[in-house]
Amino acid sequence: MPLLQQMKIEVDEKSGFCFGVVNAINKAEKELSGGEKLLCLGDIVHNEAEVSRLKLLGLHTITREEYFTMSNCRVLIRAHGEPPETYRYARENGIELVDATCPVVLLLQKKVRESYKNLTRENGQLVFFGKPGHAETTGINGQTGYNAIIVRGMDDLEKIDFTKPMELYSQTTMPIDAFNELATAILKRAGENRQVMVRDTICRQVANRAPHLREFSAKYQVVVFVAGEKSSNGAALYSICKAVNANIYKIEDEKGLDPAWFKGVKSVGICGATSTPRWLMDKVAERISEIC
């Protein structure tokens, strides 16, 4: 009697935390190793499993509203970054900040701050391609005194005055194809005689995930994509994978697996967002091997 062929289960080596998130988590773990309490301004990463793991080590998440009522404590600033008033409040209220802002985001904040000063002198406008309410977008907009024009897509172009000089920037994690489409439309609307500067500030460590994930997703009968519900990067990368392989399932952790997905399946690929820890994808792979 022939042996049953064992299912191939592979975790994508290139999925998982980006450098900025790794840096933030390493800083948190280092600070927590001394046993002292540490607060985090917002979820350190948009993944509930990782947030829960760090909470057991002593990292407690607070909201912005809570932060602006506190004093004499230690607070971690996550990779997304913060606007200037967060730092000002800390100085005035004895708060020790552990700044884990991603270096890519820090550089973007500096560029936006300088550009806005120059544009103000020219009666120009700073246009930012990003998600309203996202922590990174809030931090960037804060560099302009909240005077940037936030556009999420083509439907928001009416917010722009095309008779004025402008500079276009982007949230570091936005899709590069969407940014290029938006930039092309803005240049076309502005015409040849207008001053428009396009600044591509998308993080390539994030942007380069897309072509790799397309290739990875095409290799397997079934793909399991692991990401937190709050992860905007996870939603974007999942859509990219789904366009290549319709047999894809998005879950937050191994509890979301359904044995029916794997009936008659010989190969399964597991991948995730830049906010998905490797240990969680490994746990999903282990659970699939148990139920199949």
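The values are calculated or read from the model by the stated rules, or taken from the named source; none is laboratory data. Bear in mind the structure is a predicted one, so any value in this text is a computation, not a measurement. Note that each Cβ is placed from the backbone with ideal geometry, even for glycine, and that neighbours are counted across all protein chains shown.
Residues in region 229-245 that are modelled with pLDDT of 90 or more and among the hydroxyl-bearing types (Ser, Thr, Tyr) were compared, and the one that is nearest to THR276 (Cα to Cα) is TYR238.
So which helices (runs of 4 or more DSSP H) stay within region 29-116 end to end and still have 2 or more residues that are over 30 Å from GLU254 (Cβ atoms)?
On the way: elements: 48-57, 64-67, 84-92.
So the answer is 64-67, 84-92.
For region 127-140, taking the residues that are without any contact (Cβ under 8 Å) to a residue 60 or more places away in the chain and more than 17 Å from VAL198 (Cα to Cα), the one that is nearest to the chain's Cα centre (by Cα) is identified as GLU136.
Pairs linking a residue in region 181-204 that is at positive phi to a residue that is surrounded by fewer than 17 Cβ atoms within 10 Å (Cβ to Cβ) and hydrophobic (A, V, I, L, M, F, W, C), with Cβ atoms under 8 Å and 6 or more positions apart or on different chains, are GLY191/PHE162.
Scanning region 122-131 for residues that are at pLDDT 95 or above and either closer than 18 Å to ILE202 by Cβ or of a type in the set (D, E, K, R) (or both), we see that the one that is surrounded by the fewest Cβ atoms within 10 Å (Cβ to Cβ) is GLY130.
Quick one: which residue in THR137, THR184, THR163, THR172 is of a type in the set (Val, Ile, Thr), within 29 Å of ALA273 (Cα to Cα) and either part of a loop (DSSP other than H, G, I, E, B) or in contact with a His (Cβ under 7 Å, 6 or more places away or on another chain) (or both)?
Values: THR137 fails: either part of a loop (DSSP other than H, G, I, E, B) or in contact with a His (Cβ under 7 Å, 6 or more places away or on another chain) (or both); THR184 fails: either part of a loop (DSSP other than H, G, I, E, B) or in contact with a His (Cβ under 7 Å, 6 or more places away or on another chain) (or both); THR163 fails: within 29 Å of ALA273 (Cα to Cα).
Just one listed residue meets the conditions, THR172.
When you scan region 256-273, do you find a residue that is buried (at least 18 other Cβ atoms within 10 Å of the Cβ), modelled with pLDDT of 95 or more and under 17 Å from HIS46 (Cα atoms), even just one? So far as region 256-273 goes, yes, one or more of its residues are buried (at least 18 other Cβ atoms within 10 Å of the Cβ), modelled with pLDDT of 95 or more and under 17 Å from HIS46 (Cα atoms).
Quick check: is even one residue across region 223-236 out of contact with any helix residue (DSSP H, G or I) (no Cβ under 9 Å at 6 or more places or on another chain) and among the aliphatic types (A, V, I, L, M)? Yes, region 223-236 contains a residue that is out of contact with any helix residue (DSSP H, G or I) (no Cβ under 9 Å at 6 or more places or on another chain) and among the aliphatic types (A, V, I, L, M). If the condition is being surrounded by fewer than 21 Cβ atoms within 10 Å (Cβ to Cβ) and under 14 Å from VAL98 (Cα atoms), then region 12-24 contributes only ASN23.
Does SER217 satisfy the condition of being surrounded by 15 or more Cβ atoms within 10 Å (Cβ to Cβ) and touching a residue at least 60 places away in the same chain (Cβ under 8 Å)? So SER217 fails the test.
Report whether or not TYR146 is surrounded by 13 or more Cβ atoms within 10 Å (Cβ to Cβ), within 24 Å of LYS110 (Cβ to Cβ) and aromatic (Phe, Trp, Tyr).
So TYR146 does not fit the description; no.
Looking across region 187-199, just one residue is in a loop (DSSP other than H, G, I, E, B), in contact with a Phe, Trp or Tyr (Cβ under 9 Å, 6 or more places away or on another chain) and surrounded by fewer than 14 Cβ atoms within 10 Å (Cβ to Cβ), and that is GLY191. Condition test on LYS37, is it farther than 21 Å from ALA148 by Cα, loosely packed, with under 15 Cβ neighbours inside 10 Å and either in contact (Cβ under 8 Å) with a residue 60 or more places away in the chain or not aliphatic (A, V, I, L, M) (or both)? Spelling it out, LYS37 is indeed farther than 21 Å from ALA148 by Cα, loosely packed, with under 15 Cβ neighbours inside 10 Å and either in contact (Cβ under 8 Å) with a residue 60 or more places away in the chain or not aliphatic (A, V, I, L, M) (or both).
Mind checking whether some residue in region 88-103 is buried (at least 20 other Cβ atoms within 10 Å of the Cβ), among the aliphatic types (A, V, I, L, M), under 20 Å from the mean Cα position of the chain (by Cα) and at pLDDT below 95? No, region 88-103 contains no residue that is buried (at least 20 other Cβ atoms within 10 Å of the Cβ), among the aliphatic types (A, V, I, L, M), under 20 Å from the mean Cα position of the chain (by Cα) and at pLDDT below 95.
Can you find a residue that is among the hydroxyl-bearing types (Ser, Thr, Tyr) and at pLDDT below 95 anywhere in region 18-38? Yes.
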